[in-house]
1. Rounded to the nearest 5, what % of DSSP beta bridges with both residues in the chain are antiparallel?
2. Ranking request for peptides 34-47, 79-92, 51-64: highest mean number of other beta-carbon atoms within 10 Å first, then the rest in descending order.
3. With each run of n ≥ 4 DSSP H residues scored as -39500 (n - 2.57), what mean residue ellipticity at 222 nm is computed for the chain after dividing by its residue count and rounding to the nearest 500 deg cm²/dmol?
4. Give me the one-decimal nm value for the distance between modelled label points at residue 120 and residue 42, 7 Å along each residue's Cα-to-Cβ direction.
5. Quick one: accessible area per residue over the chain, 1.4 Å probe, rounded to a whole number of Å²?
6. Taking θ as phi - 60°, what are the ³J(HN,Hα) couplings along region 51-66 by the Karplus curve (6.51, -1.76, 1.60), each to the nearest whole Hz, with x for Gly and Pro?
7. Which residue fluctuates most in the GNM of the chain (Cα springs below 10 Å): 125, 193, 106?
8. Points 7 angstrom from Cα along the Cβ direction at residue 62 and residue 32: gap in nanometres?
Amino acid sequence: MSDRDPHVPIEPTHGSRPTTLWPGLEDPEHSRWYVDRFRAMAEHGQDLEGESRLVDLLAPRHARLLDAGCGPGRHGGHLARLGHEVVGVDVDPLLIEAAREDHPGAIWLVGDLATLDLSTEGQSAAFDGALLAGNVMDFVAESHRGEVIRRVACHLREGGFLVVGCRVVRGFTPADLDAVLPAAGLELEQRFATWDLRPWREDADFCVSVLRRSQPYR
């Protein structure tokens, strides 16, 4: 186990791929530490399912759900155990390997959210809902964040939802998100300051936005 402090926020890292700032692509030991970190938290009974509980609340039963930036699969794995059909996507092959090992009830794919097209992976059916959690947007290069939102939204059915949770101190503010919604065919439905739905405040340092697909899937 690494001696990295699990309480210190992970810093985005510029590497060889222009779309992502995830440090694990340049440092595989970081990815292994990240997997071990969440496995240890689960073993100690920590609550790792707050985000996926909200998605389950929004989704119809046996929904088709996309876990975008799934990491080692804690959210999508929980949703699959609840009976949903889950596809998870992450840019880091080591995290996908861990997701497949720990959560075999879902489909896990390696992919870059900035170029996401799941029809090339045999996943052409529209999704009822999607999740961008775990500060995924922190690790998308700034110039590609709007495209990530659009690419994920294009995989939703008309009326489908997208939940985006992220810190607002990294440059992707609620105003930045709202600015890309029209081009993505999305509308803001609700906004909260935490995953347990505390009211949104302008001085909040975290934002959970519930978005709705207002245009047909294509």
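1. Numbers: 15 of 32 bridges.
Around 45 percent antiparallel, to the nearest 5.
2. 79-92, 51-64, 34-47
3. Result for the chain: -8500 deg cm²/dmol, rounded to the nearest 500.
4. Label-label distance for residue 120 and residue 42, simple model: 2.9 nm.
5. Result: 47 Å² of accessible area for each residue.
6. With the stated coefficients, region 51-66 comes to 5, 6, 4, 5, 4, 4, 5, 7, 8, x, 5, 6, 6, 9, 10, 10 Hz.
7. Maximum among the listed residues: 125.
8. 4.2
The values are calculated or read from the model by the stated rules, or taken from the named source; none is laboratory data. What you see is a predicted model, and the numbers here were worked out from it, not measured in a lab. All Cβ positions, even for glycine, are placed from backbone atoms using ideal geometry, and neighbour counts span all protein chains on display. Quick note on the areas: whole protein, heavy atoms, side chains included, nothing else; ligands and nucleic acids left out. Shrake-Rupley method; radii C 1.70, N 1.55, O 1.52, S 1.80 Å.
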